[in-house]
Amino acid sequence: NKTMLRLLQMIPNNSYIACSGGVDSMVMCDFMLGSKKKFTIVHVHHGTKHADDAYNFVKSFAQKNNIPLIVKKINSYQESNAKKSCEEYWRDERYELFHSLEGKVVTGHHLDDAVEWWVFSSLHGKSKLIPVENKNVIRPLLITEKSKILNWAARKNIQHVNDPSNKEVKYRRNLIRHKLLPHVLQVNPGIRKVIKKKYLSIKNNNEQ
């Protein structure tokens, strides 16, 4: 089925959904609403131009659907310690919030993210999978392709906001996504299946 979301693990009731307002996290929220599970939205305002639009969008979605909302506003990157890239800085700030919460925090990381990370980490000498869990953070969509998330959003007319920085190839993950991955898929069109199998074997080993 083109619009099925496959989960690596069950999402518990009263979870937190990490929601940027982008399509992946909005589909995750829609999935949770459909499953009738209670959840709280966690949103990080990154202090960028786009961040106000994303925050306003997420806030109005939460209000409309009576979903509790937790927001953390972080200093814009220039004000921070520039020993890290802005991607690392933003990520560290997000996970500091996620790890401070009691209960599971669900992110919208999907199979295509996992392929990108596999390629990126391979170029640094050791192929790595995005972990299914990081302390209390869980990533149940890691065996679902991005195309299925987009199909779900289109079929159900799910509103979301697009972060313009996703197109900027100065960020490493975007460089891999936009420039490198098309070539990777030419060399190995089955790379998604390869990575999905790795996750399913981890899942099977954990269940035995």
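The values are calculated or read from the model by the stated rules, or taken from the named source; none is laboratory data. Because the structure is predicted, anything quoted here is derived from the model rather than measured. Here the Cβ is made from the backbone with ideal geometry for all residues, glycine too, and neighbour counts use every protein chain on show. Note: areas computed on protein heavy atoms with side chains; ligands, DNA, RNA excluded. Shrake-Rupley method; radii C 1.70, N 1.55, O 1.52, S 1.80 Å.
Give, as a single signed number, the net charge of other residues whose beta carbon lies under 14 Å from the beta carbon of K203, with Lys and Arg counted +1 and Asp and Glu -1. Can you show the working numbers first?
Values: positive: R6, R139, K196, K197, K198; negative: E133, E207.
Result for the local shell: +3.
Would you tell me the accessible area of K128, worked out with a 1.4 angstrom probe on the heavy atoms of the protein chains, in Å² to the nearest 10?
100 Å²
Counting heavy atoms of the protein chains only and a 1.4 Å probe, report the per residue accessible area for the range 1-115 as a whole number of Å². Intermediate results must be reported in sequence, preceding the final value.
Numbers: 5920 Å² over 115 residues.
On a per-residue basis, the range 1-115 sits at 51 Å².
Sort T144, T40, T48 from largest to smallest accessible area, using a 1.4 Å probe on the heavy atoms of the protein chains. Intermediate values should be presented prior to the final figure.
Values: T144 0, T40 25, T48 50 Å².
The residues order as T48, T40, T144, largest area first.
Normalise the Debye intensity by I(0) for the range 1-115, one equal point scatterer per Cα, no solvent, then take log10 at q = 0.18 Å⁻¹ and round to two decimals.
Summing over Cα pairs of the range 1-115 leads to -0.99.
Report the net charge of residues surrounding R172, where surrounding means a beta-carbon distance below 15 angstrom and charges are Lys +1, Arg +1, Asp -1, Glu -1. Walk me through the numbers on the way to the answer.
On the way: positive: K84, R91, K128, K167, K170, R173, R177, K179; negative: E87, E88, D113, E116, E168.
Summing Lys and Arg as +1 and Asp and Glu as -1 gives +3.
When only C-alpha pairs under 8 Å and at least 6 residues apart count, what is the relative contact order of the chain, in percent? The partial results should precede the final answer.
Values: 280 pairs, mean separation 56.9, N = 208.
Value for the chain: 27 percent.
Have a look at I67, N134, Q9 and report the one farthest towards the positive end of the charge dipole of the chain, computed about the Cα centre with Cβ charges (Lys/Arg +1, Asp/Glu -1).
Q9
Using a Gaussian network model of the chain with C-alpha springs under 10 Å, which one of Q78, Q159, Q63 is most mobile by mean-square fluctuation?
It is Q78.
Given charges of +1 on the Cβ of Lys and Arg and -1 on the Cβ of Asp and Glu, with all other atoms neutral, how large is the dipole of the range 63-208 about its Cα centre, in debye to the nearest 20? Please list the in-between numbers first.
Details: 28 positive and 15 negative charges, 95 e Å.
Around 460 debye, computed over the range 63-208.
Sorted by packing (mean other beta-carbon atoms within 10 Å per residue), highest first, where do 148-157, 110-119, 18-27 land? Before the final figure, lay out each step's value.
Numbers: 148-157: 15.6, 110-119: 21.2, 18-27: 23.1.
Most protected by this proxy first, the peptides run 18-27, 110-119, 148-157.
Kyte-Doolittle mean at least -0.5 and Cα extent at least 15 Å along the axis: which DSSP H helices of the chain qualify?
Numbers: long enough: 23-34 (16 Å, 1.25); 49-64 (24 Å, -0.99); 86-100 (21 Å, -1.66); 111-123 (18 Å, 0.52); 191-207 (25 Å, -1.09).
Span-like helices in the chain: 23-34, 111-123.
Of the accessible area of the chain, with the probe set at 1.4 angstrom, what percent is carbon plus sulfur? Write out the running numbers ahead of the final one.
Numbers: 6130 of 11870 Å².
The computed percentage sits at 52.
So what is the calculated 222 nm ellipticity per residue for the chain, using -39500 (n - 2.57) for each DSSP H run with n of 4 or more, over all residues, to the nearest 500 deg cm²/dmol?
On the way: 8 runs with 94 residues, N = 208.
Taking each H run of at least 4 residues, the total per residue is -14000 deg cm²/dmol.
Just how large is the dipole of the range 1-149 about the Cα centre, in debye to the nearest 20, putting +1 at every Lys and Arg Cβ and -1 at every Asp and Glu Cβ? Please list the in-between numbers first.
Working: 21 positive and 16 negative charges, 83 e Å.
Computed charge dipole of the range 1-149: roughly 400 debye.
Take the alpha carbon atoms of the chain, find their radius of gyration, then divide it by 2.2 N^0.38 Å using N residues; give the quotient.
Working: Rg = 17.0 Å, N = 208, 2.2 N^0.38 = 16.7 Å.
The value comes to 1.01.
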